[in-house]
Amino acid sequence: MTGIGRAETVAGDAARAVTWERRLNTPHDVWAVFLQSHKRDPHVHVGDVHAPDAEMALVVAKENYTRRDPCVNLWVVRAEEIHATTAAAAEMFEPGIDKSYRFGGSYRKQKQVYQSAWRLSHRDEDQ
Amino acid sequence: MSHNMGPTMPGHEQPQDDPELLERFNERIAAGDQIEAGEWMPEEYRFEALRLIQMHANSEIMGALPEREWIPRAPTLARKMALTAKVQDEVGHAMLLYRVAETLGRSREEMFADLVEGRARFHNVFHYPAETWADVAIIQVFVDGAAMQTQGALRSCSYAPYARVLKRICYEEDFHIQLGLDVWRALAEGTPRQRAMLQDALNRWWTPLIHFFGMPDRVSPHSEKMLAWRIKVKSNEELRQQFLRRFVPIILEYGLEVPDPGLVWVEADQRYVYTEPDWEELKRVGRNNGPKSAERLSLRQAFYRQHAWVRDAIAQWGAAA
């Protein structure tokens, strides 16, 4: 995320052995911009702007992030209000055990079905 | 070079980094990992990444100046609208880049002061005049094309916030090259006077374009470390060759002359040999002593002063909010 500042700010109890979350340390006037391309899509962080308030942040965001590609909705939020997991805690996203059972594709029969009929009739570009 | 970029790091002292953290950092980079803003990084890495991104930001906003001169003089309404859009994109790129540079510990205000007070650097090509409409074609095709080689490579750099904005910047630069090729084609297929104007612009821009990628690898300072840290992804010469391979054919295709009689394609090495340009000129221009450096900087200063009321109004708005 572009919105992360230079120094690490530890949210909560600084005495905890492992800091797994923190608030982004950004200047007060930085707003994170989230853009929704189509109603069917989620809002995605596309960058930041500097602005004194939310209204102006939306105006500047519109000028900077919607010049070409489709947009149906913008969100802005003060970047300093965003909490994030820390880099040091990234290993918590590593699977602790083999999780292939969560994917239909791991079953051979399922895989055959997926790769033939279902996939052919549900390609992304047809949606 | 470093003394031009403010007080972030004194020129000769080696900053003291925790050796254990440094080793872990080097391992991560070597494994292809990317660094996020706010994570630990060696002081020298921070310094070099900031220097690179700040200079890139400066170049985007200074690059808007030679082109904006031609907005009122564009030959058709369609050309005028396309050029206006391009100039707006360049200023937008500067906005994105100053924000990324800011995450490395220098405020936007400080960086802008560096620029308008003449302490900071911007790319060599923006120190030259845009004399005719054909210069606009050369800037859009060849200058943006040259920038695309460098920035395209840097999309896989190790500083993730920079890599992310470069994705968007390259996407937009590609439009600029398309616009430029249309102007180029119109002139190259035009009257003898239009062709002569295009050839003249190409002749004047050739040396700055060869300079664009920086000094030859043999004299480029601390390149190796930057390459290892992936603040640099390809060497100056690699990028220059990549540029020549892509853009020399465009010149030849339209029956124009490459302004270097010494330029030869060497099949065996798959590279161009070219006449060594005057590298002293690049150094001089880089120190803001180019033909248009003073004029463009004073224009930037004048706008900075002229728009002070907007910044004041925003600050007061912020205080009232």
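The values are calculated or read from the model by the stated rules, or taken from the named source; none is laboratory data. Everything numeric here is computed off the predicted structure, so don't read it as measured data. Glycine gets a Cβ as well: all are built from the backbone with ideal geometry, and neighbour counts include every protein chain shown. Side chains included, ligands, DNA and RNA excluded: accessible areas come from the protein's heavy atoms. Shrake-Rupley method; radii C 1.70, N 1.55, O 1.52, S 1.80 Å.
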query: Within segment A:37-95, restricting attention to residues that are among the hydroxyl-bearing types (Ser, Thr, Tyr) and within 12 Å of chain B (Cβ to nearest Cβ), which residue is nearest to B:Met41 (Cα to Cα)?
result: A:Thr86
message: What are the pairs with Cβ atoms under 6 angstrom where one residue, in segment B:296-321, is within 14 Å of chain A (Cβ to nearest Cβ) and the other, located anywhere, is surrounded by 14 or more Cβ atoms within 10 Å (Cβ to Cβ) and not in a helix (DSSP H, G or I)? Sequence gap at least six, or different chains.
response: B:Ile314/A:Pro52; B:Trp317/A:Pro52; B:Gly318/A:Pro52; B:Ala321/A:Pro52; B:Ala321/A:Asp53
message: For segment B:43-74, which positions are surrounded by fewer than 17 Cβ atoms within 10 Å (Cβ to Cβ) and in contact with an Asp or Glu (Cβ under 8 Å, 6 or more places away or on another chain)?
response: B:Glu43
task: Pick out, from segment B:75-150, the helices (runs of 4 or more DSSP H) lying fully within it that include 1 or more residues that are closer than 24 Å to B:Val165 by Cα and open to solvent by 30 Å² or more (accessible area, probe 1.4 Å).
output: B:77-102, B:108-116
- prompt: Which one of these does B:Glu109 not meet: (1) at pLDDT 95 or above; (2) within 14 Å of chain A (Cβ to nearest Cβ)?
  reply: (1)
message: Considering only segment B:179-197, I want to know if a residue exists there that is within 14 Å of chain A (Cβ to nearest Cβ) and open to solvent by 10 Å² or more (accessible area, probe 1.4 Å).
response: yes
- prompt: Among the residues of segment B:275-286, how many are open to solvent by 30 Å² or more (accessible area, probe 1.4 Å) and in a loop (DSSP other than H, G, I, E, B)?
  reply: 3
field: Options B:Leu244, B:Leu263; residue that is under 19 Å from B:Ala201 (Cα atoms) and touching a residue at least 24 places away in the same chain (Cβ under 8 Å)
entry: B:Leu244
task: Answer with yes or no whether B:Glu67 is within 13 Å of another protein chain (Cβ to nearest Cβ) and at pLDDT below 95.
output: no
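Count, please, the residues in segment A:86-104 that happen to be touching a residue at least 40 places away in the same chain (Cβ under 8 Å) and polar (S, T, N, Q).
1
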